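These notes concern the structure reproduced below.
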Amino acid sequence: MVTQKEKTVEKKRGGWLRTTAGQFADGIWRQNPTLVLLLGMCPTLATTTTVQNALGMGLSVTAVLTCSNLVISLLRKLIPNQIRIASYIVIVAGFVTAVDLLLAAFVPALSASLGIFIPLIVVNCIILARAESFASKNPPLRSAIDGVAMGLGFTCSLTAMSVIREVLGSGTFLGYDVSFGVFEPMAIFIMPVGGFLTLGFLIAAMQKIMSRGSKKKEAE
Amino acid sequence: MLIRLLQISLGAILVENFILVKFMGICPFLGVSKKMDTAFGMSMAVIFVMTLASIFTWMVDVWLLRPLELEYMQTVAFILVIAALVQLVEMFLQKSVPSLYSALGIYLPLITTNCAVLGVALLNAEASYTFIEATVSGFMGGVGFTLALLLFASVRERLQFADYPKCFEGFPIALVSAALLALAFMGFSGLEVF
């Protein structure tokens, strides 16, 4: 739906930059993968105990998503329709292995704390969803931009969640103490419970804002 | 040996529950928990595939990848094994047990992208379990998944009659109830069997 609308907009205005800006607005806000499309919940809940982990996870997914979108879009006319999902998974798995090895070599601490969730990027629904719904139908450059935009949206929502969880749960921000002795850290926020609660409230807030926006439009 | 297997089972079902403690398989957990019978179908499919996946990935890992020193290819190899396995199971059931196939039908293809299945394969390899330990860990992981999913589905069925703020409709209220379930499962942390 979105892509068709975008294409007509592009034809009308002829604005390449405008479409790109629209893609970024979609990825980060209107179609935010975690908070609006509700994809990729596992890493969102599991890796947001600290801001550092969340940023690492978000950027790894962005890298994988951009590369896989680009390659899948380049190969979109060669891949037979029946085995497309399997082909996508193999392409994604290749990039994930590369990211996994790179992280282990250059940032071993981050790699150790993210642990099994790096290889699990393979089964992250966001990547397959974008491959299926965007990269398989659009030209390479557009798909790569879509990967960056969606990845950044994912990174943003992960960071938002981890800021809430780290500040409230351990009283720190990126490892620095920010509680200043004013409040006692609530350990529940860095436990699984805190993950579910924070995400629930964030999505509720997002739905509230979205419904207000659509009401305004209706009124106009 | 038996005690070790009991340890693995209790760990997989309660202490380290795949959904509520390890955060794997959240998508089906939130996606198919609206009704009890779909939740049950999904759970059975997951138990089945997780057990088979543990068995086959163990074979691939121990007999193929380790002798060839290709451990870094685990992710690619495992996801291929799982995708092929799901496809095979689907074809086999369609031909020989059509009643089970129609019951599990739409859930089977979804399982390829269930993190719990790839997760259990990777965790087994990481812990270098023996064949029996890996099989038990896969099966019990599936049982743990079932327990959490069925508990959650029964909670969600009652949520339909609850009165909550409108912006919490859908996922948010489900996540908040999942949080309460996770809180209950926190009680098991630190449980050990000797």
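Only the coordinates and a few stated rules stand behind these numbers; no lab work does. Computed from a prediction, not measured in an experiment: that's the story for all the values here. Note: ideal-geometry Cβ built from the backbone for every residue, glycine included; neighbour counts use all protein chains shown.
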**Per-residue mean of C-beta atoms belonging to partner chains within 10 Å, peptide B:14-25** = 3
**Asked** So which GluC sites (Glu not before Pro) in region B:152-194 pass both tests, a DSSP loop state and at most 16 other Cβ atoms within 10 Å of the Cβ?
**Response** B:E169, B:E192
**Complete:** Largest fluctuation, A:E166, A:E184, A:E132 only, Gaussian network model of chain A with Cα springs under 10 angstrom, belongs to A:E184
**Prompt:** Reported to two decimal places, what Rg/Rh ratio describes chain A when computed on Cα atoms with Rh from the Kirkwood expression?
**Reply:** 1.01
**Fill in**
Expected unfolding gain across B:M44-B:A184 under the 0.36 nm per residue rule, minus the alpha-carbon gap, is 48.0 nm
**Prompt:** Cα axis of helix B:131-159 to longest principal axis of chain B: angle in degrees, 0 to 90, nearest 10?
**Reply:** 10 degrees
**Message:** Please compute, for peptide B:173-184, the average count of beta-carbon atoms on other protein chains lying within 10 Å of each residue's beta-carbon.
**Reply:** 6
**Request:** Evaluate peptide A:197-205: per residue, the Cβ atoms of other protein chains within 10 Å of its Cβ; return the mean as an integer.
**Result:** 6
**Item:** Kyte-Doolittle at least 0.0, axis length at least 15 Å by Cα - qualifying DSSP helices, chain A
**Value:** A:51-74, A:84-106, A:140-170, A:192-219
**Request:** Just name one of A:L174, A:A109, B:P28: the one whose Cα is farthest towards the positive end of the charge dipole of the protein assembly as shown (beta-carbon charges, Lys/Arg +1, Asp/Glu -1).
**Result:** B:P28
**Request:** Count charges around A:G169 for me, please; just the other residues with Cβ under 15 Å from its Cβ, Lys/Arg as +1, Asp/Glu as -1.
**Result:** -2
